[in-house]
Amino acid sequence: MKILQLTLTGAALALTVGAASAQTTIRVSHPTPATSHYGVGSQAFCAELEKRTSNRFKCQIQAGANDERANIEAVQLGTLDVTNTSTGPVSNFVPEVGIVDIPFLFRDYAHARGVLDGPIGQDILAKFPSKGIIALAWTENGFRHLTNSRRAVVKPDDVKGLKVRTMQNPVHIQAFQSIGVQPTPMAFSELFTALQQGVVDGQENPIPVILSSKFSQVQKHLSLTGHVYSPALLLASPKLWNSLNDADKANFREAARAGAAAQRKKVNDDEAAGIAQLRAEGVDVVTNVDGAAFRNAMTPVWAEFAKKFGAAEIKRIQDFK
Ligand code: EAX
(Lines give C-alpha, C1' and ligand atoms only; values in the text may rest on other atoms or scores of the structure.)
Protein backbone atom coordinates (compact mmCIF):
# COMPACT_ATOMS: atom_id res chain seq x y z
CA MET A 1 0.00 0.00 0.00
CA LYS A 2 2.76 2.36 0.96
CA ILE A 3 4.69 1.66 -2.23
CA LEU A 4 1.61 2.34 -4.35
CA GLN A 5 1.07 5.70 -2.66
CA LEU A 6 4.65 6.71 -3.23
CA THR A 7 4.46 5.76 -6.88
CA LEU A 8 1.31 7.78 -7.38
CA THR A 9 2.79 10.83 -5.73
CA GLY A 10 5.83 10.53 -7.93
CA ALA A 11 3.70 10.29 -11.07
CA ALA A 12 1.60 13.27 -10.05
CA LEU A 13 4.74 15.29 -9.41
CA ALA A 14 6.23 14.38 -12.78
CA LEU A 15 3.00 15.41 -14.49
CA THR A 16 2.92 18.77 -12.72
CA VAL A 17 6.53 19.55 -13.52
CA GLY A 18 6.16 18.44 -17.12
CA ALA A 19 3.03 20.54 -17.59
CA ALA A 20 4.45 23.65 -15.96
CA SER A 21 7.40 23.72 -18.28
CA ALA A 22 5.29 23.64 -21.46
CA GLN A 23 3.74 26.97 -22.33
CA THR A 24 1.32 27.58 -25.16
CA THR A 25 0.68 31.05 -26.52
CA ILE A 26 -2.76 31.45 -28.02
CA ARG A 27 -3.67 34.24 -30.41
CA VAL A 28 -6.87 36.12 -29.54
CA SER A 29 -8.40 38.85 -31.70
CA HIS A 30 -11.21 41.38 -31.23
CA PRO A 31 -12.62 44.14 -33.44
CA THR A 32 -12.34 47.38 -31.43
CA PRO A 33 -9.46 49.09 -29.51
CA ALA A 34 -7.82 47.53 -26.43
CA THR A 35 -9.61 49.92 -24.06
CA SER A 36 -13.07 49.04 -25.44
CA HIS A 37 -15.55 46.49 -24.06
CA TYR A 38 -14.11 43.78 -26.35
CA GLY A 39 -10.61 44.61 -25.11
CA VAL A 40 -11.65 44.51 -21.46
CA GLY A 41 -13.49 41.20 -22.00
CA SER A 42 -10.64 39.59 -23.92
CA GLN A 43 -8.07 40.67 -21.33
CA ALA A 44 -10.23 39.29 -18.50
CA PHE A 45 -10.61 36.00 -20.41
CA CYS A 46 -6.86 35.75 -20.80
CA ALA A 47 -6.08 36.70 -17.21
CA GLU A 48 -8.45 34.05 -15.92
CA LEU A 49 -7.06 31.44 -18.31
CA GLU A 50 -3.50 32.18 -17.22
CA LYS A 51 -4.49 31.99 -13.58
CA ARG A 52 -6.43 28.74 -13.92
CA THR A 53 -3.65 27.04 -15.87
CA SER A 54 -0.75 28.48 -13.84
CA ASN A 55 0.45 30.24 -16.98
CA ARG A 56 0.60 27.11 -19.11
CA PHE A 57 -1.53 29.17 -21.50
CA LYS A 58 -0.66 32.75 -22.36
CA CYS A 59 -2.43 35.09 -24.76
CA GLN A 60 -1.24 37.34 -27.46
CA ILE A 61 -4.15 39.72 -28.00
CA GLN A 62 -4.71 41.53 -31.27
CA ALA A 63 -6.98 44.56 -30.72
CA GLY A 64 -8.68 46.34 -33.61
CA ALA A 65 -8.91 43.23 -35.81
CA ASN A 66 -12.04 44.73 -37.28
CA ASP A 67 -13.05 42.38 -40.07
CA GLU A 68 -15.15 40.02 -37.98
CA ARG A 69 -15.97 37.72 -40.85
CA ALA A 70 -12.27 37.24 -41.59
CA ASN A 71 -11.63 36.55 -37.90
CA ILE A 72 -14.29 33.83 -37.84
CA GLU A 73 -12.89 32.27 -41.00
CA ALA A 74 -9.41 32.25 -39.46
CA VAL A 75 -10.77 30.51 -36.36
CA GLN A 76 -12.48 27.94 -38.55
CA LEU A 77 -9.22 27.34 -40.42
CA GLY A 78 -7.15 27.25 -37.23
CA THR A 79 -4.85 30.13 -38.23
CA LEU A 80 -6.32 32.09 -35.29
CA ASP A 81 -7.06 30.47 -31.90
CA VAL A 82 -9.80 32.65 -30.43
CA THR A 83 -11.87 35.63 -31.55
CA ASN A 84 -14.26 37.84 -29.61
CA THR A 85 -16.85 38.90 -32.18
CA SER A 86 -20.35 40.28 -32.54
CA THR A 87 -22.90 37.92 -34.07
CA GLY A 88 -22.96 40.25 -37.10
CA PRO A 89 -21.45 37.83 -39.62
CA VAL A 90 -21.91 34.67 -37.54
CA SER A 91 -25.21 33.52 -39.03
CA ASN A 92 -23.43 33.19 -42.38
CA PHE A 93 -21.59 30.32 -40.69
CA VAL A 94 -24.22 29.02 -38.24
CA PRO A 95 -27.66 30.10 -39.57
CA GLU A 96 -29.55 29.21 -36.34
CA VAL A 97 -27.74 32.06 -34.56
CA GLY A 98 -29.80 34.57 -36.57
CA ILE A 99 -32.69 34.19 -34.14
CA VAL A 100 -30.90 36.32 -31.53
CA ASP A 101 -30.32 39.09 -34.11
CA ILE A 102 -34.05 39.81 -34.50
CA PRO A 103 -34.85 43.50 -33.80
CA PHE A 104 -36.97 44.26 -30.73
CA LEU A 105 -36.65 40.67 -29.52
CA PHE A 106 -35.01 41.44 -26.18
CA ARG A 107 -36.60 43.88 -23.73
CA ASP A 108 -33.43 44.92 -21.93
CA TYR A 109 -29.97 43.74 -20.90
CA ALA A 110 -31.24 41.48 -18.12
CA HIS A 111 -33.54 39.70 -20.59
CA ALA A 112 -30.81 39.21 -23.20
CA ARG A 113 -28.16 38.05 -20.75
CA GLY A 114 -30.61 35.72 -19.01
CA VAL A 115 -31.66 34.06 -22.28
CA LEU A 116 -28.12 33.68 -23.59
CA ASP A 117 -26.69 32.27 -20.37
CA GLY A 118 -29.69 29.95 -19.89
CA PRO A 119 -30.71 26.80 -21.79
CA ILE A 120 -31.79 28.65 -24.96
CA GLY A 121 -28.43 30.36 -25.38
CA GLN A 122 -26.50 27.25 -24.47
CA ASP A 123 -28.46 25.22 -27.05
CA ILE A 124 -27.37 27.72 -29.69
CA LEU A 125 -23.72 27.40 -28.65
CA ALA A 126 -24.05 23.64 -29.19
CA LYS A 127 -24.80 24.25 -32.90
CA PHE A 128 -21.29 25.56 -33.61
CA PRO A 129 -19.03 22.46 -33.57
CA SER A 130 -20.74 20.87 -36.60
CA LYS A 131 -19.80 24.06 -38.52
CA GLY A 132 -16.16 23.80 -37.47
CA ILE A 133 -16.24 26.46 -34.73
CA ILE A 134 -16.22 26.11 -30.94
CA ALA A 135 -18.37 28.64 -29.08
CA LEU A 136 -16.98 29.20 -25.57
CA ALA A 137 -19.45 31.77 -24.21
CA TRP A 138 -21.72 34.68 -25.06
CA THR A 139 -20.00 38.01 -24.49
CA GLU A 140 -21.67 41.29 -25.45
CA ASN A 141 -21.68 44.21 -27.86
CA GLY A 142 -24.81 46.02 -26.61
CA PHE A 143 -28.10 47.50 -27.80
CA ARG A 144 -27.63 49.20 -31.16
CA HIS A 145 -28.54 52.82 -31.90
CA LEU A 146 -28.67 54.73 -35.17
CA THR A 147 -26.25 57.52 -36.07
CA ASN A 148 -26.08 59.65 -39.22
CA SER A 149 -24.55 62.79 -40.63
CA ARG A 150 -27.72 64.34 -42.11
CA ARG A 151 -30.63 64.80 -39.72
CA ALA A 152 -32.18 64.14 -36.34
CA VAL A 153 -34.02 60.84 -36.72
CA VAL A 154 -37.07 60.46 -34.49
CA LYS A 155 -39.31 58.10 -36.48
CA PRO A 156 -38.86 55.51 -39.24
CA ASP A 157 -39.89 57.99 -41.96
CA ASP A 158 -36.86 60.13 -41.06
CA VAL A 159 -34.55 57.28 -42.07
CA LYS A 160 -36.01 56.96 -45.57
CA GLY A 161 -33.55 58.09 -48.18
CA LEU A 162 -30.55 57.79 -45.88
CA LYS A 163 -27.80 55.41 -46.89
CA VAL A 164 -27.32 53.25 -43.83
CA ARG A 165 -24.56 50.71 -43.35
CA THR A 166 -25.64 47.49 -41.67
CA MET A 167 -23.62 44.47 -40.69
CA GLN A 168 -23.37 41.61 -43.15
CA ASN A 169 -26.28 40.01 -41.38
CA PRO A 170 -29.32 38.66 -43.25
CA VAL A 171 -31.76 39.38 -40.39
CA HIS A 172 -30.62 42.99 -39.99
CA ILE A 173 -30.67 43.59 -43.74
CA GLN A 174 -34.25 42.31 -43.97
CA ALA A 175 -35.36 44.38 -40.97
CA PHE A 176 -34.00 47.61 -42.45
CA GLN A 177 -35.57 46.89 -45.81
CA SER A 178 -38.90 46.51 -44.02
CA ILE A 179 -38.75 50.15 -42.84
CA GLY A 180 -38.02 51.35 -46.35
CA VAL A 181 -34.26 51.66 -46.05
CA GLN A 182 -31.99 50.15 -48.65
CA PRO A 183 -29.15 49.07 -46.39
CA THR A 184 -25.51 48.97 -47.42
CA PRO A 185 -23.98 45.92 -45.75
CA MET A 186 -20.23 46.19 -45.30
CA ALA A 187 -17.46 44.95 -43.03
CA PHE A 188 -16.78 46.97 -39.90
CA SER A 189 -13.23 47.48 -41.14
CA GLU A 190 -14.52 49.72 -43.94
CA LEU A 191 -17.05 51.65 -41.91
CA PHE A 192 -15.14 54.64 -40.52
CA THR A 193 -13.76 55.58 -43.93
CA ALA A 194 -17.15 55.04 -45.57
CA LEU A 195 -18.73 57.47 -43.08
CA GLN A 196 -15.89 59.94 -43.48
CA GLN A 197 -16.10 59.94 -47.26
CA GLY A 198 -19.89 60.00 -47.33
CA VAL A 199 -20.19 56.62 -49.04
CA VAL A 200 -22.90 56.05 -46.42
CA ASP A 201 -24.77 58.62 -44.33
CA GLY A 202 -25.25 56.54 -41.26
CA GLN A 203 -24.73 53.34 -39.33
CA GLU A 204 -25.96 51.67 -36.20
CA ASN A 205 -23.90 50.33 -33.30
CA PRO A 206 -23.92 50.14 -29.51
CA ILE A 207 -22.65 53.09 -27.42
CA PRO A 208 -19.38 51.26 -26.53
CA VAL A 209 -18.57 50.90 -30.25
CA ILE A 210 -19.63 54.46 -31.14
CA LEU A 211 -17.34 55.72 -28.36
CA SER A 212 -14.32 53.53 -28.95
CA SER A 213 -14.41 53.87 -32.74
CA LYS A 214 -14.65 57.66 -32.46
CA PHE A 215 -17.71 57.93 -34.68
CA SER A 216 -18.32 61.37 -33.15
CA GLN A 217 -15.68 62.57 -35.62
CA VAL A 218 -17.80 61.53 -38.60
CA GLN A 219 -21.41 61.49 -37.37
CA LYS A 220 -23.55 64.41 -36.23
CA HIS A 221 -26.75 62.77 -34.92
CA LEU A 222 -27.30 59.83 -32.57
CA SER A 223 -30.84 58.52 -32.15
CA LEU A 224 -31.34 56.23 -29.17
CA THR A 225 -33.32 53.67 -31.14
CA GLY A 226 -32.08 50.61 -29.23
CA HIS A 227 -33.67 48.68 -32.09
CA VAL A 228 -31.74 45.48 -31.63
CA TYR A 229 -29.55 43.77 -29.07
CA SER A 230 -26.14 42.86 -30.46
CA PRO A 231 -24.79 39.70 -28.83
CA ALA A 232 -21.15 38.73 -29.06
CA LEU A 233 -19.25 35.48 -28.68
CA LEU A 234 -15.87 34.09 -27.76
CA LEU A 235 -15.15 31.57 -30.51
CA ALA A 236 -12.27 29.09 -30.55
CA SER A 237 -10.73 27.04 -33.32
CA PRO A 238 -11.34 23.28 -33.35
CA LYS A 239 -7.59 22.90 -33.95
CA LEU A 240 -6.85 24.44 -30.54
CA TRP A 241 -9.85 22.78 -28.89
CA ASN A 242 -8.98 19.27 -30.00
CA SER A 243 -5.50 19.65 -28.55
CA LEU A 244 -6.90 20.32 -25.04
CA ASN A 245 -7.61 17.77 -22.33
CA ASP A 246 -10.96 17.91 -20.51
CA ALA A 247 -9.59 19.88 -17.57
CA ASP A 248 -8.23 22.58 -19.86
CA LYS A 249 -11.45 22.66 -21.87
CA ALA A 250 -13.20 23.46 -18.59
CA ASN A 251 -10.56 26.12 -17.86
CA PHE A 252 -11.22 27.76 -21.23
CA ARG A 253 -14.98 27.76 -20.65
CA GLU A 254 -14.66 29.21 -17.15
CA ALA A 255 -12.22 31.84 -18.40
CA ALA A 256 -14.66 32.75 -21.19
CA ARG A 257 -17.41 33.28 -18.63
CA ALA A 258 -15.11 35.58 -16.64
CA GLY A 259 -14.36 37.47 -19.86
CA ALA A 260 -18.08 37.82 -20.60
CA ALA A 261 -18.77 39.21 -17.12
CA ALA A 262 -16.04 41.84 -17.49
CA GLN A 263 -17.20 42.75 -21.00
CA ARG A 264 -20.80 43.20 -19.87
CA LYS A 265 -19.68 45.37 -16.96
CA LYS A 266 -17.79 47.59 -19.39
CA VAL A 267 -20.91 47.83 -21.58
CA ASN A 268 -22.88 48.95 -18.47
CA ASP A 269 -20.23 51.56 -17.65
CA ASP A 270 -20.14 52.90 -21.22
CA GLU A 271 -23.94 53.07 -21.32
CA ALA A 272 -23.89 55.08 -18.09
CA ALA A 273 -21.21 57.57 -19.11
CA GLY A 274 -21.29 57.46 -22.90
CA ILE A 275 -24.15 59.79 -23.79
CA ALA A 276 -22.63 62.67 -21.85
CA GLN A 277 -19.26 62.00 -23.44
CA LEU A 278 -20.70 61.92 -26.96
CA ARG A 279 -22.54 65.19 -26.33
CA ALA A 280 -19.29 66.72 -25.13
CA GLU A 281 -17.73 65.54 -28.39
CA GLY A 282 -20.38 67.49 -30.29
CA VAL A 283 -22.92 64.79 -31.12
CA ASP A 284 -26.61 65.77 -31.19
CA VAL A 285 -28.31 63.04 -29.12
CA VAL A 286 -31.96 62.41 -29.99
CA THR A 287 -33.67 60.93 -26.95
CA ASN A 288 -37.32 61.30 -27.98
CA VAL A 289 -37.21 58.48 -30.53
CA ASP A 290 -40.60 57.00 -31.39
CA GLY A 291 -39.69 53.46 -30.38
CA ALA A 292 -43.19 52.10 -30.94
CA ALA A 293 -43.19 53.40 -34.52
CA PHE A 294 -39.89 51.66 -35.25
CA ARG A 295 -41.15 48.47 -33.67
CA ASN A 296 -44.42 48.60 -35.63
CA ALA A 297 -42.61 49.32 -38.87
CA MET A 298 -40.55 46.18 -38.40
CA THR A 299 -43.48 43.98 -37.36
CA PRO A 300 -44.33 42.68 -40.86
CA VAL A 301 -40.92 41.11 -41.24
CA TRP A 302 -41.46 39.15 -38.01
CA ALA A 303 -43.68 36.74 -39.95
CA GLU A 304 -40.69 35.86 -42.09
CA PHE A 305 -38.48 35.39 -39.05
CA ALA A 306 -41.12 33.08 -37.58
CA LYS A 307 -40.98 31.00 -40.75
CA LYS A 308 -37.22 30.91 -40.68
CA PHE A 309 -36.54 30.30 -36.98
CA GLY A 310 -39.86 28.92 -35.70
CA ALA A 311 -42.62 30.95 -34.04
CA ALA A 312 -42.41 28.78 -30.92
CA GLU A 313 -38.67 29.34 -30.60
CA ILE A 314 -39.11 33.11 -30.86
CA LYS A 315 -41.92 33.02 -28.32
CA ARG A 316 -39.75 30.99 -25.93
CA ILE A 317 -37.23 33.82 -25.98
CA GLN A 318 -39.88 36.55 -25.61
CA ASP A 319 -41.52 34.73 -22.69
CA PHE A 320 -38.28 34.26 -20.79
CA LYS A 321 -38.50 35.89 -17.36
O1 EAX B 1 -18.54 44.05 -33.03
O2 EAX B 1 -19.84 45.40 -37.43
C3 EAX B 1 -20.32 45.96 -36.45
O4 EAX B 1 -21.03 46.96 -36.55
C5 EAX B 1 -20.06 45.41 -35.05
O6 EAX B 1 -20.97 45.91 -34.15
C7 EAX B 1 -18.65 45.78 -34.68
O8 EAX B 1 -17.80 45.07 -35.52
C9 EAX B 1 -18.31 45.39 -33.25
State whether the residues of the range 115-137 include one that is modelled with pLDDT of 95 or more, open to solvent by 20 Å² or more (accessible area, probe 1.4 Å) and within 15 Å of the ligand (Cβ to nearest atom).
no
Flag for GLU68 being within 13 Å of the ligand (Cβ to nearest atom) and of a type in the set (Asp, Glu)
yes
Taking the range 63-78, which residues are open to solvent by 60 Å² or more (accessible area, probe 1.4 Å) and more than 13 Å from LEU235 (Cα to Cα)?
none
Could you give every pair whose Cβ atoms fall below 8 Å, whose first residue belongs to the range 228-243 and is over 19 Å from GLU96 (Cα atoms), and whose second residue is among the charged types (D, E, K, R) and within 16 Å of the ligand (Cβ to nearest atom), counting only separations of at least 6 or pairs across chains?
none
Does LEU191 satisfy being open to solvent by less than 20 Å² (accessible area, probe 1.4 Å) and more than 28 Å from ILE314 (Cβ to Cβ)?
yes
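Can we say ALA250 is open to solvent by 20 Å² or more (accessible area, probe 1.4 Å), free of Cβ contacts under 8 Å to residues at least 24 places away in the same chain and either within 20 Å of ARG113 (Cα to Cα) or away from the ligand (no atom under 13 Å from the Cβ) (or both)?
Yes.
So that you can scan it fast, the table gives a plain yes or no per residue for (1) farther than 18 Å from ARG253 by Cβ; (2) out of contact with any helix residue (DSSP H, G or I) (no Cβ under 6 Å at 6 or more places or on another chain):
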| site | (1), (2) |
| --- | --- |
| PRO89 | yes, no |
| VAL100 | yes, yes |
| PHE106 | yes, no |
| ASP117 | no, yes |
| GLN122 | no, yes |
Listed by first then second residue, the pairs whose first member lies in the range 285-306 and is closer than 16 Å to PHE143 by Cα, whose partner is in a helix (DSSP H, G or I) and open to solvent by 20 Å² or more (accessible area, probe 1.4 Å), with beta carbons under 6 Å and at least 6 positions apart or on separate chains, are VAL285/ILE275; VAL285/ARG279
Checked against (1) open to solvent by 10 Å² or more (accessible area, probe 1.4 Å); (2) in a loop (DSSP other than H, G, I, E, B); (3) within 16 Å of the ligand (Cβ to nearest atom), GLY88 satisfies every condition except (1)
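How many residues does the range 181-200 hold that are more than 9 Å from the ligand (Cβ to nearest atom) and in contact with a Gly (Cβ under 9 Å, 6 or more places away or on another chain)? Quick ask: steps written out before the conclusion?
Taking the range 181-200 and keeping what is more than 9 Å from the ligand (Cβ to nearest atom), we get 181-185, 190, 192-200.
Next cut, in contact with a Gly (Cβ under 9 Å, 6 or more places away or on another chain) only: 181, 195.
Final tally of qualifying residues: 2.
Rundown of residues vs (1) surrounded by fewer than 23 Cβ atoms within 10 Å (Cβ to Cβ); (2) within 13 Å of the ligand (Cβ to nearest atom); (3) farther than 30 Å from PHE252 by Cα, yes/no style:
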{"residue": "ASN141", "(1), (2), (3)": "no, yes, no"}
{"residue": "LEU146", "(1), (2), (3)": "no, yes, yes"}
{"residue": "LEU162", "(1), (2), (3)": "yes, no, yes"}
{"residue": "GLN168", "(1), (2), (3)": "yes, yes, no"}
{"residue": "VAL171", "(1), (2), (3)": "no, no, yes"}
Hey, does the range 83-100 have a residue that's touching a residue at least 40 places away in the same chain (Cβ under 8 Å) and more than 30 Å from ALA303 (Cα to Cα)?
yes
Out of all the residues in the range 208-267, which are under 13 Å from the mean Cα position of the chain (by Cα) and farther than 29 Å from ILE26 by Cβ?
VAL228
Being open to solvent by 10 Å² or more (accessible area, probe 1.4 Å) and part of a helix (DSSP H, G or I) is the filter here; which residues of the range 28-45 pass it?
VAL40, GLN43, ALA44
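The values are calculated or read from the model by the stated rules, or taken from the named source; none is laboratory data. All of these numbers come straight from a predicted model, not from anything done at the bench. Counting neighbours? That spans all protein chains shown, and the Cβs are built from the backbone with ideal geometry, glycine included. Side chains included, ligands, DNA and RNA excluded: accessible areas come from the protein's heavy atoms. Shrake-Rupley method; radii C 1.70, N 1.55, O 1.52, S 1.80 Å.
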